[in-house]
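See structure below.
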Amino acid sequence: MPKLCKVLVSLFIILVFAQCLSSQHEPSENFDWLVGKWQRTNEAHDKKTFEYWVKIKDTEYAGLAFTLQNNDTVNQEKMVLSKSDGSWQLKVKTPDEPDFIAFEMTMMKDGLFECNNDSLAFPKKITYWRDGEKLKANVAGDSLQIPFEFSEIEK
């Protein structure tokens, strides 16, 4: 093979390799996979838990979670997933709290995120992810973990 052909082949291989490296992208900051109306499938038989998520804008999603027992609301949370100053946060507010409690996003992949607040006794970590058609979440402290599994009931 002539010397020029070897140089061109080598250059081509380097360019293909560089393109492969540059095509590895950062995780998407799109959380549209949360959007919808969800019902918890691993709930106690006498309760029904729901989460509703809507997209407000590209950098903000709002959620409402509530649990019914005998048609009475026994638990409720408002949630906001938003980006501010280049960082994502999950903020959670229960009726007992005067303000939202912020959890900093510490991990993000396509279809998954994890948020932490080590200043709390429980929860310290909240994780959400998609598993096929299911929405899953885990709320964890030092020794306690509560898994959530949801099926979509309406978009």
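FYI, it's all coordinate maths here, none of it is from the lab. Model, not experiment: these values are computed from the prediction. Don't worry about glycine lacking a Cβ; one is built from the backbone with ideal geometry, like all the others, and counts go over all protein chains shown.
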Report task. Rounded, prolate or oblate: pick one for segment 32-154, where a ≥ b ≥ c are the square roots of the eigenvalues of its C-alpha gyration tensor, a/c under 1.5 means rounded, and failing that, prolate if a/b is larger than b/c, else oblate. Result -> rounded
Query raised in the report: residue 44 to residue 131: FRET efficiency via 1/(1 + (r/R0)^6), r the Cβ-Cβ distance, R0 30 Å, to the nearest 0.05?
Result: 0.90
